[in-house]
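Following: one structure in structure tokens, then a few remarks.
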Amino acid sequence: MCAPDIPPLSFQESRRLFIKAMLMAGSWPILGRIRFPGNRGSNGGRGDPSDIVFKYRTISVDHFPELQEDVDKLRRGGRLSRNATFRGYIDKLRFQLPENFKRAKSLIILATLTPSMEADFHYRGKVHRITIPPQYYDDGITLADLIRIVRTNIVKDPGAQIEYAKGIHLKLSAVRSGLGRYGRNNLCFVDGFGTFLTLYAFLTDRVFAEDHWGPLGMLEACRECSICYGICPTNAIVRENFVIDAGKCISLYNEIDGEFPPWIRPGMHNSLMGCMKCQSGCPENEKVAQPAGRLEDVTEVETAAILDGKSDEELLASLKRKLRGFSGSSSPEAYPIFTRNLNVLIR
């Protein structure tokens, strides 16, 4: 009997672990557009909100030891930041088959087009347009949607077992499969998507005719370009190689609670969470005809309450709806991060 497709771990919880781990450092990928019945919500940045644009590649799980060696080699060479928060994210990740699916044969790496979003915050008679980068809001794609894509369009076998792959390095998997290539900013670029994407991985017992395994690929345009190196506000991007100093990256600090280090000055912040400097200034991203989506406006009263750290159930519900599940508005526990981040952007 085929094991259930839906894993017990919350999809959003597992997905956020993948997002945090993204700081870790041939032929064209396959492109698809799947239409599902029903509405995912308005202003999704995709045009018709029921469309999911995706690309994928497949590799054999026999390459897991090589993938793990890629990571271990960086660690042995001292090329990974020793920042405790960063290491807390990536040290948990390993390329190994789960105990309940040792007979898996293939890894499917999937990229979905995910635009950045903008929201207008009204405060003291002014409108502040603020960016929410990809992956920091709920794009409406569910695990059931992704499973349907994988089963119907990739595996094409109703009896095959499919499991959501947790705890692996997604960017490395995408690059090794040829789905994407590393940029100088250590982000994964996918043709036609740029860096406006979300990565997922699935294990299956299906053996594919083609194994897309290949060498680590660097974006050719980055070899002679150093724009992101020059515009990174904290000098996290290094000129010598494509592994950034994650301990200097703003994203590492504005995702967690606490005060910002003194060397992160207020003017360096540019997004409600994460950082878009190296992405918004990248010539390769300018080629992607994917304008930012628009979220609902946040009113004067709501903005003032956020800045002052005041909240109630009604406000949290309104913000969660308007900002489409932006992580800082999703719970009272995350709200202080929202307050802190918004203050440095507005005040």
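Rule-based calculations on the coordinates, nothing more; no lab input. Everything quoted here is computed from the prediction, not taken from an experiment. No Cβ is skipped: glycine too gets one built from the backbone with ideal geometry, and neighbour counts run over all protein chains shown.
Net length available on complete extension from VAL127 to ARG82 is 12.2 nm, with 0.36 nm assigned per residue and the Cα-Cα distance removed. The packing ranking, built from the mean of other Cβ atoms within 10 Å per residue, places the peptides 223-230, 203-210 in the order 203-210, 223-230, highest first.
Determine Rg/Rh for the range 11-346; Rg is computed over alpha-carbon atoms and Rh is the Kirkwood hydrodynamic estimate from the same atoms.
0.96
May I ask you to sort ILE59, ILE264, ILE256 by Cβ crowding, counting other Cβ atoms within 10 Å and putting the fewest first?
Details: ILE59 24, ILE264 18, ILE256 10.
Fewest-to-most ranking of ILE59, ILE264, ILE256: ILE256, ILE264, ILE59.
Taken along the Cα-to-beta-carbon direction at a fixed 7 Å, the label points for ARG265 and LYS320 span 3.9 nm. The simple spin-label model puts a point 7 Å past each Cα toward its Cβ; for ILE346 and ALA209 those points are separated by 5.7 nm. Counting every other Cβ atom within 10 Å of each residue's Cβ, LEU316, LEU295 order from fewest to most as LEU316, LEU295. Distances between placed amide hydrogens fall under 5 Å for TYR123 paired with HIS128, all partners being 5 or more residues away or on another chain.
Computed from backbone phi with θ = phi - 60° and the Karplus coefficients 6.51, -1.76 and 1.60, the 3J(HN,Hα) list for the range 294-306 is 10, 9, 5, 5, 9, 6, 4, 5, 5, 4, 4, 5, 4 Hz; x is used for glycine and proline. Measuring between alpha carbons in the structure, the pairs from LYS92/LYS171; LYS55/LYS171; LYS105/LYS156; LYS248/LYS277; LYS102/LYS166; LYS92/LYS320 lying more than 20 angstrom apart are LYS92/LYS320.
Could you list LYS166, LYS248 in order of exposure, starting from the residue whose Cβ has the fewest other Cβ atoms within 10 Å?
Numbers: LYS166 17, LYS248 20.
Listed from fewest to most nearby Cβ atoms, that is LYS166, LYS248.
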